[in-house]
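Enquirer: Okay, here's the structure, questions in a sec.
The values are calculated or read from the model by the stated rules, or taken from the named source; none is laboratory data. Values in this document were obtained by computation on a predicted structure and should not be read as measured data. Using ideal geometry, Cβ is built from the backbone for each residue, glycine included, and neighbour counts are taken over all protein chains shown. Note: areas computed on protein heavy atoms with side chains; ligands, DNA, RNA excluded. Shrake-Rupley method; radii C 1.70, N 1.55, O 1.52, S 1.80 Å.
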Amino acid sequence: MSQEFVTGLVSVPVYVVDDDESVRDSLAFMLDGYDINVTTYAGGPAFLDDAEIMQPGCVILDSRMPELRGQDVQAILTQCHSPLSIIFLTGHGDVSMAVDAFKSGAVDFFQKPVDGEKLVQAITIAAEKSLVRSEQLCALLSYQSLTEREHDILLLLVQGKRNQQIADDLCIAVRTVEVHRSSLMKKFNAKTIAELVLQYGLAIN
Amino acid sequence: MGNVLIQSVIAALLLVMTQVHADNTIDKNPNSVELVDTKQIITTVDVGVLATRGVFEAKQRWQPTLLWLQSQIPNSEFRLHPYTLAEMETAVKQQSVDVVVTNPGQAVRLGRQYPLSWLATLNSKLGDGTHVIGSALVVRADSHYQHLVDVSGDKIAAVASNAFGGYLTMQLAVQNQGINPTAFFADVAFLGFPIDAIIYQLRDGYVDAAVVPVCQLESMLEEGLIQQGVFRVLDDVSPDNFACALSTQLYPNWSIAKTSAISAKLAKKITRALLALPSDHAASIAAYSTGWTPPISQLSVDQLYRDLDMHPLQRPWWQEAAVWIKKNQQWAWVVFLFVLLISVYHLMLEYRFSRSERKLKATLNRLKEKNAMLEHAQRVAIVGELGSSLAHEINQPLAAILNYSQGGLLRINKGADASAVVPALEKIQQQVKRADGIVQRLRTLINKRAVAKSSCDMQVLLTDTLELLEYDFQQKNITVSRACFGNVVALDVDIVGLQQVLLNVLNNAADACLMRETSVPINAEISIASQYSDDRLILTITDNGIGLTATSEELQNAFFTTKKDGLGLGLAICRDVVEAHHGHFSLAPADPVGCRVSIHLPLPLQ
């Protein structure tokens, strides 16, 4: 057993959703050994109700569960633009199930019993992806909240124009441009123009 | 076709008749020469008489009459020939007699077949003198019989089946009473002439009743041959002026006739002499008569023969049919065509029947095939479902165990205290128990099928099983041979289970034969041998298929298979079933190719 992963590298919450108590408990025990704290749920509804699904994180989903199938949980998460990364861990998976899962954006797909190390690797990757996705979602939300005038000014800013040129292009006062510009910086949570451009890139990606 | 046959029969008949006629002509010649050329020479006349009561009596009765004739006709000699019924007929047929004296029954029979001319009828002192022939049904006086019907089916003696007074008249009387003559004379004995013997047989108790010509009893009584009161006659219908007891109606008396062998002139002389015989002459008395009268009608005799369906002029049925066909050709054709039509229809039906039978067989075979496919599919489905749910059930605890053990190892590697791992190990134990529980449940589920053992002849079971596979083997061109040694003993077995074993083994053998390379030109064969010894039955099933390709260790495992769509369960099931019977199941390669399955089953203790 290699030592590299015996760290608390994962900075996002990890959830385990499985109807089988022994599987939940044993997974938690094992991942605890890798210093990964997990929150376990016995079913899809409980997970959707309690977990912070709009925050970055990683969820290990069983596919066959009595109340809500793993695939259904995945569909709901996608629908509400959750940044959570999904890893499937199923007792009886097949190729078509795996293909469907990956197409719907799952990070990984495992069959029980799973090797702990591979699972931890997948969790690490999933956590990173979730963080990126979370940032993207954040930028997108900011971008979508822009007014028409702010949007126009943003486009001109990205082209590298100065405030005076923008004011001339849009036939408005330089002061007005400055007000909108500071509002833009606030909305994107950016301190410099470079940060603003980065956020814009994330948003339109 | 029918017409041709009839024509040929008629032609054959004509030929025979012509020959008979030719014989007659040859026979006649010497006689006529004698008559014409030797007027002075004595003319010999052969007289045939029916000797009903024996030769001696016949001579006594008729010799005086012949002497009378001889005395009346100059230059003549009358020779007496006593005959039985059959001899008389032969004599007339061969023209060896010139004159016949016989009873009315034979008179009519002969008269309708040969050219006889009636000269006179004997006159009797009884009744009206001319109708004096009939039958009496005689029983012993002390018997319980009262009427004709009482005798029906009992032992009856009669003269002959063609005797007139001695049988035929009685037969008609019985028939006229509404009794079936065949049933009445079911136990009849024909004793022939002399008739006296019949009475003696009745007297001595050999028979229960006797049919004799009328007056037979009275004559014997008169002659002192029997005693008064020993016999009686049933249903006596004799008229007032008739001295003899009688059970039937009366028929004409005996007659005399000439054949075509003597001339009409001589016949005239004989007739004249007979009619001239005085009633009180010794010759009359000897013949129990009062002389002779001109011949009387024999219609009643003709009617009797007709009623008994045996008239001599009556043509046989096939001849009648031929005549009818000739007369009604159009109807004959209709009937012929109808028969032809029916035959064609019959053939058509037969053809259609056999065709539908073939179809039915083919359908049945298809059904069997489908059934086999369905069974196979069902087996696969059941095993698939079982396997899938089993895999899932077992997988959960396995996954948990893996997780716990990995977590535990990780902690140990990180130098954690042993107490940190203890809960994991405990949980692993729990999971192992859970998995074990699943296995146990499965085992009880499998063993739940109640094994009903019953007495069974393995040979019958083999036959039944082979019947199930018959069509399949036929399709695959596989020959099956069977042999059985020793005394066949019934075994107490799980019939369903053992049949499953046989089916598995035989199907496997067939598959092995099919999997063999087709380039090798040997016929696929499966031979089954049953050997019964004192304590066991050894069933050997040998095929000449591809043989064994797996190691014996692999063969021990369930789910091991070399077949494309096999489940690898057949052998395991066979082994289980046979071992449940305390038997032994083994596989070995056969010589030169193939595989031999041996099933040892213990026999019940005698």
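Enquirer: Looking at B:Ala209, B:Ala160, B:Ala183, B:Ala189, which is the one that is surrounded by 17 or more Cβ atoms within 10 Å (Cβ to Cβ) and of a type outside the set (D, E, K, R)? Reasoning before the result, please.
Expert: Values: B:Ala160 fails: surrounded by 17 or more Cβ atoms within 10 Å (Cβ to Cβ); B:Ala183 fails: surrounded by 17 or more Cβ atoms within 10 Å (Cβ to Cβ); B:Ala189 fails: surrounded by 17 or more Cβ atoms within 10 Å (Cβ to Cβ).
B:Ala209 is the lone residue from the list that is surrounded by 17 or more Cβ atoms within 10 Å (Cβ to Cβ) and of a type outside the set (D, E, K, R).
Enquirer: Of all residues in the range A:107-125 being within 18 Å of the chain's Cα centre (by Cα) and open to solvent by 60 Å² or more (accessible area, probe 1.4 Å), which is farthest from the other protein chains (Cβ to nearest Cβ)?
Expert: Step one: of the range A:107-125, the residues within 18 Å of the chain's Cα centre (by Cα) are A:107-109, A:120-125.
Keeping just the survivors that are open to solvent by 60 Å² or more (accessible area, probe 1.4 Å) gives A:121, A:125.
Numbers: A:Gln121: 13, A:Ile125: 19 Å.
Going through the qualifying residues, I end up with A:Ile125.
Enquirer: Would you kindly identify the helices (runs of 4 or more DSSP H) lying entirely within the range A:148-205 that contain at least 3 residues that are under 29 Å from the mean Cα position of the chain (by Cα) and on the phi < 0 side of the Ramachandran plot? Reasoning before the result, please.
Expert: Working: elements: A:148-158, A:163-170, A:174-187, A:193-204.
Result: A:148-158, A:174-187, A:193-204.
Enquirer: Out of the residues in the range B:262-289 that are among the small types (Gly, Ala, Ser) and closer than 24 Å to B:Gln113 by Cβ, state the one that is most open to solvent (accessible area, probe 1.4 Å). First the steps, then the outcome.
Expert: Step one: list which residues in the range B:262-289 are among the small types (Gly, Ala, Ser), which gives B:263-264, B:267, B:273, B:276, B:279, B:282-284, B:286-287, B:289.
Still in the running and closer than 24 Å to B:Gln113 by Cβ: B:263-264, B:267.
Numbers: B:Ser263: 45, B:Ala264: 75, B:Ala267: 7 Å².
It comes out as B:Ala264.
Enquirer: Check the range A:81-100 and report whether any residue there is within 23 Å of A:Ser26 (Cα to Cα), open to solvent by 60 Å² or more (accessible area, probe 1.4 Å) and not basic (Lys, Arg). Lay out the reasoning, then the answer.
Expert: Taking the range A:81-100 and keeping what is within 23 Å of A:Ser26 (Cα to Cα), we get A:84-93.
Going one step further and asking which of them are open to solvent by 60 Å² or more (accessible area, probe 1.4 Å), we end up with none.
Among the residues of the range A:81-100, not one is within 23 Å of A:Ser26 (Cα to Cα), open to solvent by 60 Å² or more (accessible area, probe 1.4 Å) and not basic (Lys, Arg), which makes the answer no.
Residue-wise test of (1) of a type in the set (A, V, I, L, M); (2) open to solvent by 10 Å² or more (accessible area, probe 1.4 Å); (3) in a strand (DSSP E or B).
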site	(1), (2), (3)
B:Glu87	no, yes, no
B:Val101	yes, no, yes
B:Gly105	no, no, no
B:Leu126	yes, yes, no
B:Leu137	yes, no, yes
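Enquirer: Testing B:Arg411 on (1) touching a Phe, Trp or Tyr at 6+ places or on another chain (Cβ under 7 Å); (2) open to solvent by less than 60 Å² (accessible area, probe 1.4 Å), one condition comes back false. Which one is that?
Expert: The number of the failed condition is (1).
Enquirer: If B:Asn365 meets every condition in (1) in contact (Cβ under 8 Å) with a residue 24 or more places away in the chain; (2) of a type in the set (S, T, N, Q); (3) within 14 Å of chain A (Cβ to nearest Cβ) apart from one, which number is that one?
Expert: (3)
Enquirer: Next question, about the same structure. Among the residues of the range B:419-438, write down those that are touching a Pro at 6+ places or on another chain (Cβ under 7 Å) and at the interface with another protein chain (Cβ under 10 Å from one of its Cβ atoms).
Expert: Passing the criteria: B:Gln431, B:Arg434.
Enquirer: Let me ask something else about it. What number goes with the only condition from (1) open to solvent by less than 80 Å² (accessible area, probe 1.4 Å); (2) of a type outside the set (Val, Ile, Thr); (3) in contact (Cβ under 8 Å) with a residue 60 or more places away in the chain; (4) under 30 Å from A:Phe110 (Cα atoms) that A:Gln199 does not pass?
Expert: Unmet condition: (4).
Enquirer: Sticking with this structure for a sec: Every residue in the range B:235-261 that is of a type in the set (A, V, I, L, M, F, W, C) and surrounded by fewer than 19 Cβ atoms within 10 Å (Cβ to Cβ), please.
Expert: From the range B:235-261, those of a type in the set (A, V, I, L, M, F, W, C) are B:237, B:242-246, B:250, B:254, B:256-257, B:261; that's our starting set.
Selection gives B:Val237, B:Ala243.
Enquirer: Could you check how many residues of the range A:20-74 are over 23 Å from A:Val120 (Cβ atoms) and among the polar types (S, T, N, Q)?
Expert: So the count comes out to 1.
Enquirer: Still on this structure, I have one more. It is to be established whether one or more residues within the range B:451-472 are in contact (Cβ under 8 Å) with a residue 40 or more places away in the chain, away from chain A (no Cβ under 14 Å), open to solvent by 80 Å² or more (accessible area, probe 1.4 Å) and not in a helix (DSSP H, G or I).
Expert: Yes; the residues of the range B:451-472 include at least one that is in contact (Cβ under 8 Å) with a residue 40 or more places away in the chain, away from chain A (no Cβ under 14 Å), open to solvent by 80 Å² or more (accessible area, probe 1.4 Å) and not in a helix (DSSP H, G or I).
Enquirer: Would you be able to say whether some residue in the range B:40-57 is aromatic (Phe, Trp, Tyr) and in contact (Cβ under 8 Å) with a residue 40 or more places away in the chain? I'd like the intermediate steps shown before the answer.
Expert: Of the range B:40-57, the ones aromatic (Phe, Trp, Tyr) are B:56.
So of that shortlist, the ones also in contact (Cβ under 8 Å) with a residue 40 or more places away in the chain come out as none.
Among the residues of the range B:40-57, not one is aromatic (Phe, Trp, Tyr) and in contact (Cβ under 8 Å) with a residue 40 or more places away in the chain, which makes the answer no.
Enquirer: A further question on this structure: Go through the range B:38-76 and give me each residue that's under 53 Å from the mean Cα position of the chain (by Cα), assigned to a helix (DSSP H, G or I) and closer than 17 Å to B:Ile256 by Cα.
Expert: The initial filter retains those residues of the range B:38-76 that are under 53 Å from the mean Cα position of the chain (by Cα), namely B:46-59.
If we keep only those that are assigned to a helix (DSSP H, G or I) as well, we get B:55-59.
Those that are under 53 Å from the mean Cα position of the chain (by Cα), assigned to a helix (DSSP H, G or I) and closer than 17 Å to B:Ile256 by Cα: B:Ala58, B:Lys59.
Enquirer: Does the range B:299-318 hold any residues that are assigned to a helix (DSSP H, G or I) and open to solvent by 50 Å² or more (accessible area, probe 1.4 Å), and which are they?
Expert: Filtering the range B:299-318 down to residues assigned to a helix (DSSP H, G or I) leaves B:299-307, B:317-318.
Listed by number, the residues that qualify are B:Leu299, B:Gln303, B:Arg306, B:Asp307, B:Trp317, B:Trp318.
Enquirer: Additional query: Does A:Ser104 fit the bill of being in contact with a helix residue (DSSP H, G or I) (Cβ under 7 Å, 6 or more places away or on another chain), among the hydroxyl-bearing types (Ser, Thr, Tyr), open to solvent by 50 Å² or more (accessible area, probe 1.4 Å) and more than 14 Å from chain B (Cβ to nearest Cβ)? I'd like the intermediate steps shown before the answer.
Expert: Numbers: in contact with a helix residue (DSSP H, G or I) (Cβ under 7 Å, 6 or more places away or on another chain): yes; among the hydroxyl-bearing types (Ser, Thr, Tyr): yes; open to solvent by 50 Å² or more (accessible area, probe 1.4 Å): yes; more than 14 Å from chain B (Cβ to nearest Cβ): yes.
Here the answer is yes, as A:Ser104 does meet what is asked.
Quick grid of which residues meet (1) modelled with pLDDT of 85 or more; (2) among the basic types (Lys, Arg):
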residue	(1), (2)
A:Ser142	no, no
A:Gln164	yes, no
A:Arg175	yes, yes
A:Ser182	yes, no
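Enquirer: Follow-up question, since we're still on this one. Look through the range B:319-362, keep the residues that are in contact (Cβ under 8 Å) with a residue 24 or more places away in the chain and among the small types (Gly, Ala, Ser), and return whichever of them is farthest from B:Gly568 (Cα to Cα).
Expert: Filtering the range B:319-362 for residues in contact (Cβ under 8 Å) with a residue 24 or more places away in the chain gives B:322, B:325-326, B:332, B:336.
Next cut, among the small types (Gly, Ala, Ser) only: B:322, B:332.
Working: B:Ala322: 81, B:Ala332: 76 Å.
Checking each candidate, the answer is B:Ala322.
Enquirer: Another question, if that's okay. If you go through the range B:77-99 one residue at a time, how many are touching a residue at least 60 places away in the same chain (Cβ under 8 Å) and in contact with a Lys or Arg (Cβ under 8 Å, 6 or more places away or on another chain)?
Expert: Residues flagged as touching a residue at least 60 places away in the same chain (Cβ under 8 Å) and in contact with a Lys or Arg (Cβ under 8 Å, 6 or more places away or on another chain) within the range B:77-99 amount to 3.
Enquirer: Can you tell me which residue among A:Asp49, A:Asp94, A:Asp32 is without any contact (Cβ under 8 Å) to a residue 12 or more places away in the chain, more than 30 Å from B:Glu426 (Cβ to Cβ) and within 14 Å of chain B (Cβ to nearest Cβ)? Before you say what the answer is, go through the steps one by one.
Expert: Details: A:Asp49 fails: within 14 Å of chain B (Cβ to nearest Cβ); A:Asp32 fails: more than 30 Å from B:Glu426 (Cβ to Cβ).
Criteria check complete, one pass: A:Asp94.
Enquirer: Considering B:Ala416, B:Ala372, B:Ala399, B:Ala391, which residue is within 14 Å of chain A (Cβ to nearest Cβ) and surrounded by 14 or more Cβ atoms within 10 Å (Cβ to Cβ)?
Expert: Numbers: B:Ala416 fails: surrounded by 14 or more Cβ atoms within 10 Å (Cβ to Cβ); B:Ala372 fails: within 14 Å of chain A (Cβ to nearest Cβ); B:Ala391 fails: surrounded by 14 or more Cβ atoms within 10 Å (Cβ to Cβ).
Going through B:Ala416, B:Ala372, B:Ala399, B:Ala391 in turn, just one is within 14 Å of chain A (Cβ to nearest Cβ) and surrounded by 14 or more Cβ atoms within 10 Å (Cβ to Cβ): B:Ala399.
Enquirer: Of B:Ile438, B:Ile428, B:Ile495, which residue is of a type in the set (Val, Ile, Thr) and either without any contact (Cβ under 8 Å) to a residue 24 or more places away in the chain or touching a strand residue (DSSP E or B) at 6+ places or on another chain (Cβ under 8 Å) (or both)? So that I can check it myself, show each step before the final result.
Expert: Numbers: B:Ile438 fails: either without any contact (Cβ under 8 Å) to a residue 24 or more places away in the chain or touching a strand residue (DSSP E or B) at 6+ places or on another chain (Cβ under 8 Å) (or both); B:Ile428 fails: either without any contact (Cβ under 8 Å) to a residue 24 or more places away in the chain or touching a strand residue (DSSP E or B) at 6+ places or on another chain (Cβ under 8 Å) (or both).
Only one candidate passes the filter, namely B:Ile495.
Enquirer: Among the residues of the range A:174-194, write down those that are open to solvent by 40 Å² or more (accessible area, probe 1.4 Å) and more than 12 Å from A:Arg149 (Cβ to Cβ).
Expert: Hits for the range A:174-194 are A:Val174, A:Arg175, A:Glu178, A:Ser182, A:Lys186, A:Lys187, A:Asn189, A:Lys191, A:Thr192, A:Ile193, A:Ala194.
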